[in-house]
């Protein structure tokens, strides 16, 4: 069996949906920019790529028509390189990496571009035509489509009060602002040309304070504890990774960031979807033959501070190892594009921080979790 | 057609420029923008050389409601007078800077150097003479320059006084007239070049005279204002009006006006600015409403007090009973009657004396004063109502001066002949609630004549009759207002509550409206709605069934039913669904259309302008917006005439509904707002009913286009369920009480 490596990672800037600098850019163009950036960074010719495995949470409208295939063509990849769209909602692009790696391991190709894109400006969250099975009762539907309420339920059931959520959110912002100021985010970003000029920096991180956060109104539940300040913002962005074999690395003289060492998906009650990372991470670590003690860096998506903190407690994660350049509350959460950032960031941090094992994990609407273990290469 | 108001192209004004971003300049710029005309708003640079003052002027207009839509505000480009070259793009340049002759002339010289040849330049001066303003400037400037005197606030005050000069270019003056009407919605009055023009010359005289005579004749301020109100002027009278304007303005406005008039002018007998009363008020800071006290004030406990004109102390207000019959009041004599006579006699005498000096004709004076001061009618119409002969006789009997004009009017019988101005149209059908007029050329005009145009059941008799005539006598139908204030305020709530007691009667009333409106839509003749004033509820729904709508820009359009716990039940939901199914409105796919429709209808959308109504899809982009209230019906008639040839009636619509699969999506936003405490449980029940109707109910299926009649049945059934709820009844009772 072959080993799947993460050879390189890049992403577009993450910017706010609607009011952000990338709101005018189609999601397939965002993705194509990221892929071109990846190829430029690695020097790999496009005709060596077997397939584009592309995550997207709401593949309709400008994200429809198999956005994976369209994105590859727009990026200038030859027609002989295939393209697929992968939908596991928020977990789509971790899944895309895993599917590329799975194909590679069974010998069905040796170089893949995996990643994903979401324009939450141009295709609304939950899509244009929400049509769940009509026999589902309203609260069941709400568990699927009002994820804010699931964050409230986790806050209540796992005892994460508002102050704790706000402290978590503030830390995320402070880490991201510091990383941005120190230039630690710049090398993962491929700038995007827009009609209004070049966009080369993340738009979401902001200076805030506990005082400011405490003034916000509950966003989802009357009398609740989750606010816009303790939720990840709607975001437009794309991320792309090069997944390849050891032979391919040697042939193209590439230095890998990490090898993929374990993976797991899991399901839970849709109403507490935020707890998904707990079981999926346990599965992925077990399959990699390690425990939390062996992990040096963790990128866990912060859909909401309540679920991220509850998962951190359940998995006994050392805060010093978690989201060290800030998480989604600060950086943004472009659904189908998020997983690629988590995996790519984990791999990059193993290089930068010098650890051995890393974990990338996130919760998924509808009640799922996804996790990938990486080992420094 | 979508960007600008009706007729804009023909005015030749494609871009405007307003200099001076005060409340008048900003308001005039906003009104150009309201017509869809891009406008530069320039003012002095701030200390940093930036456009701070113009930006502040723009911001103020946004705050005070100068704009009819947020989109209009984007058409205003603020800048500085350092960048005067921007005025070169404008076809009409309005100057509204400080009232200082030297400053204005200096500015005109700079402007003349950059402006486009033939562009109209106008000044919003209210005190300076045109002849003085253009002295020494180029001949070309003199030709293109007029005074355009707007009233505050420019969006709402209909009067535009225009002063041209002997050298004026007819085309330039005509452009100000035409663009003033078509773009800005103003009624122009041509004035002679005299101080205060017409409205303020007469209006300021009237206020000064009425105040000083009240004091001289020993009336209280409340008595005087009650007498004045009986003339058909706003209830503020004169003392209340001065409080509103600000008593600190008396020296500025009245003082400068009286100084600019000759010593022989009748105004000199009433020197308000020089009066001890006004000077005392200013000295004591009793400046009116802005100072929390003038001739009237409210105590901190909310009690109303009035100033005693003799002791100059405040005492509790004593309002006399309203006096409705001015003629009886005058003829009855006594303190109040004598005062009423004095005010009338002085007003008419002064106006008669100066009429030739200030105006080209008498109707101009009546129009200017009535529109400028909000009077029901001008001074000559008032005089005609009391009787020119009565006035002449009494002046003669009292040995007072008799202006020639009054003597002539007494001989002739009246000041202004009105007989020929209002031709009545032949009537085709009429009852207590509605009428059908014959406008000629096979065009009928249908009007609801009930109070506020509410839908009484009898309205449908005339409407049905009009529709039946489509096969013969009528080739087109215009739906028009029956009164100044309202096209139709919809159903009468009190009547509705009676009906709600008997569901079969209510259902019959619903079916009656639905049947009539559908028949109207499918009638083999074009139907054009001509909308002014209110068009709410059923009044809005009938317009949704018209082929075309011509709306006054200041219309109040809306479907407020959901606020009362019901839904638009005369085909309103169905027509809005159809409208939102058009991909151009943004929603694609059946569940998306239903979701968008619930989101739009649930708040009970009500627009306070035609532009807003367009944003809410209550008006289509193809419908016309007309700025001048007096032009709406004429435009509607002309549109109806244009549509007759080759007209094909709208076929029955088939609607792509989502069915039960779309309900959750249609409700997702409302449910999220409900969970977050932003909408209450009663509103949620309305949302649920709307979602059920707009997804096509249990039988809805995206694979089966639904005939529109089926959705109307769903509307009716949902309406009956909602009307039967206690909460609906309580909401309606509370609304009636309000």
Check your understanding: Which one of the conditions (1) more than 30 Å from residue B:184 (Cβ to Cβ); (2) buried (at least 24 other Cβ atoms within 10 Å of the Cβ); (3) touching a helix residue (DSSP H, G or I) at 6+ places or on another chain (Cβ under 6 Å) does residue B:564 fail to meet, given that it meets all the rest?
Key -> (2)
Review point. Looking at the stretch B:481-498, which of its residues are buried (at least 20 other Cβ atoms within 10 Å of the Cβ) and within 19 Å of residue B:563 (Cβ to Cβ)?
Key: B:486, B:488, B:489, B:490, B:491, B:496
Practice item. Could you tell me whether the stretch B:675-687 includes any residue that is modelled with pLDDT of 95 or more, in a helix (DSSP H, G or I), away from chain A (no Cβ under 14 Å) and farther than 20 Å from residue A:130 by Cβ? Key: no
Point to revise | When residues of the stretch A:194-208 are limited to those that are surrounded by fewer than 20 Cβ atoms within 10 Å (Cβ to Cβ) and in contact with a helix residue (DSSP H, G or I) (Cβ under 9 Å, 6 or more places away or on another chain), the one farthest from residue A:239 (Cα to Cα) | key: A:208
Revision key, fill the gap. So the helices (runs of 4 or more DSSP H) completely within the stretch A:35-149 holding 3 or more residues that are away from chain B (no Cβ under 14 Å) are A:67-74, A:92-105
Exercise for review: Tally the residues that are within 13 Å of chain A (Cβ to nearest Cβ) and part of a loop (DSSP other than H, G, I, E, B), restricting the search to the stretch B:589-608.
Suggested key: 1
Point to revise | Of residues in the stretch B:609-646 being part of a loop (DSSP other than H, G, I, E, B) and surrounded by fewer than 16 Cβ atoms within 10 Å (Cβ to Cβ), the one nearest to the other protein chains (Cβ to nearest Cβ) | key: B:621
Review point. Restricting attention to the stretch B:573-588, which residues are without any contact (Cβ under 8 Å) to a residue 40 or more places away in the chain and within 14 Å of another protein chain (Cβ to nearest Cβ)?
Key: B:580, B:583, B:585, B:586, B:587, B:588
Practice item. Out of the residues in the stretch A:167-193 that are more than 21 Å from residue A:347 (Cβ to Cβ) and touching a strand residue (DSSP E or B) at 6+ places or on another chain (Cβ under 9 Å), state the one that is surrounded by the most Cβ atoms within 10 Å (Cβ to Cβ). Key: A:169
Study note, to complete from the structure: Of B:137, B:160, B:111, the only residue that is over 28 Å from residue B:203 (Cβ atoms) and not in a helix (DSSP H, G or I) is B:137
Exercise for review: Having 1 or more residues that are more than 25 Å from residue B:597 (Cα to Cα) is the bar; report the helices (runs of 4 or more DSSP H) wholly within the stretch B:472-566 that clear it.
Suggested key: B:493-500, B:503-522
Point to revise | Given (1) more than 30 Å from residue B:150 (Cβ to Cβ); (2) at pLDDT below 95, number of the condition residue B:342 does not satisfy | key: (2)
Point to revise | Subset of the stretch B:38-64 [in a helix (DSSP H, G or I) and surrounded by 17 or more Cβ atoms within 10 Å (Cβ to Cβ)] | key: B:52, B:53, B:54, B:55, B:57, B:58, B:61
Exercise for review: List the strands (runs of 3 or more DSSP E) that sit entirely inside the stretch B:243-336 and contain at least 2 residues that are in contact with a helix residue (DSSP H, G or I) (Cβ under 9 Å, 6 or more places away or on another chain).
Suggested key: B:296-298, B:304-307
Exercise for review: Examine the stretch B:444-451 for a residue that is within 29 Å of the chain's Cα centre (by Cα) and more than 30 Å from residue B:156 (Cα to Cα), and state whether such a residue exists.
Suggested key: yes
Point to revise | Output for the stretch B:65-80, where each listed residue is outside any loop (DSSP other than H, G, I, E, B) and modelled with pLDDT of 95 or more | key: B:72, B:73, B:76, B:77, B:78, B:79, B:80
Exercise for review: Consider residue B:331 carefully, then state whether it is at pLDDT 95 or above, surrounded by fewer than 18 Cβ atoms within 10 Å (Cβ to Cβ) and either over 27 Å from the mean Cα position of the chain (by Cα) or closer than 18 Å to residue B:375 by Cα (or both).
Suggested key: no
Study note, to complete from the structure: residue A:160 fails exactly one of (1) within 14 Å of another protein chain (Cβ to nearest Cβ); (2) within 22 Å of residue A:302 (Cα to Cα); (3) in contact with a helix residue (DSSP H, G or I) (Cβ under 6 Å, 6 or more places away or on another chain); (4) part of a loop (DSSP other than H, G, I, E, B), namely (1)
Check your understanding: Is there a residue being surrounded by 17 or more Cβ atoms within 10 Å (Cβ to Cβ), within 14 Å of chain A (Cβ to nearest Cβ) and part of a loop (DSSP other than H, G, I, E, B) anywhere in the stretch B:658-670?
Key -> yes
Review point. Listed residues A:284, A:261; which is in contact (Cβ under 8 Å) with a residue 24 or more places away in the chain, buried (at least 19 other Cβ atoms within 10 Å of the Cβ) and not in a helix (DSSP H, G or I)?
Key: A:261
Check your understanding: From the list B:77, B:110, which residue is touching a residue at least 24 places away in the same chain (Cβ under 8 Å) and surrounded by 15 or more Cβ atoms within 10 Å (Cβ to Cβ)?
Key -> B:77
Point to revise | Filter result (touching a helix residue (DSSP H, G or I) at 6+ places or on another chain (Cβ under 7 Å), within 15 Å of residue B:672 (Cβ to Cβ) and more than 8 Å from every other protein chain (Cβ to nearest Cβ)) within the stretch A:211-226 | key: A:226
Review point. Which residues, taken from the stretch B:217-252, are free of Cβ contacts under 8 Å to residues at least 12 places away in the same chain and either closer than 14 Å to residue B:278 by Cβ or outside the structural domain of residue B:279 (by TED's automatic domain parsing) (or both)?
Key: B:249, B:252
Exercise for review: Kindly check whether there is at least one residue in the stretch B:399-407 that is assigned by TED's automatic domain parsing to the domain that holds residue B:327, farther than 30 Å from residue B:320 by Cβ, buried (at least 18 other Cβ atoms within 10 Å of the Cβ) and in contact with a helix residue (DSSP H, G or I) (Cβ under 9 Å, 6 or more places away or on another chain).
Suggested key: yes
Review point. Which numbered condition trips up residue B:698, out of (1) surrounded by 19 or more Cβ atoms within 10 Å (Cβ to Cβ); (2) free of Cβ contacts under 8 Å to residues at least 60 places away in the same chain?
Key: (1)
Check your understanding: Of the residues that make up the stretch B:501-519, is at least one more than 23 Å from residue B:566 (Cα to Cα), in contact (Cβ under 8 Å) with a residue 40 or more places away in the chain and in contact with a strand residue (DSSP E or B) (Cβ under 7 Å, 6 or more places away or on another chain)?
Key -> no
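The values are calculated or read from the model by the stated rules, or taken from the named source; none is laboratory data. Here the structure is a predicted model, which means the values were calculated and not measured. Cβ coordinates were reconstructed from backbone atoms using ideal geometry, including for glycine residues, and neighbour counts include every protein chain displayed.
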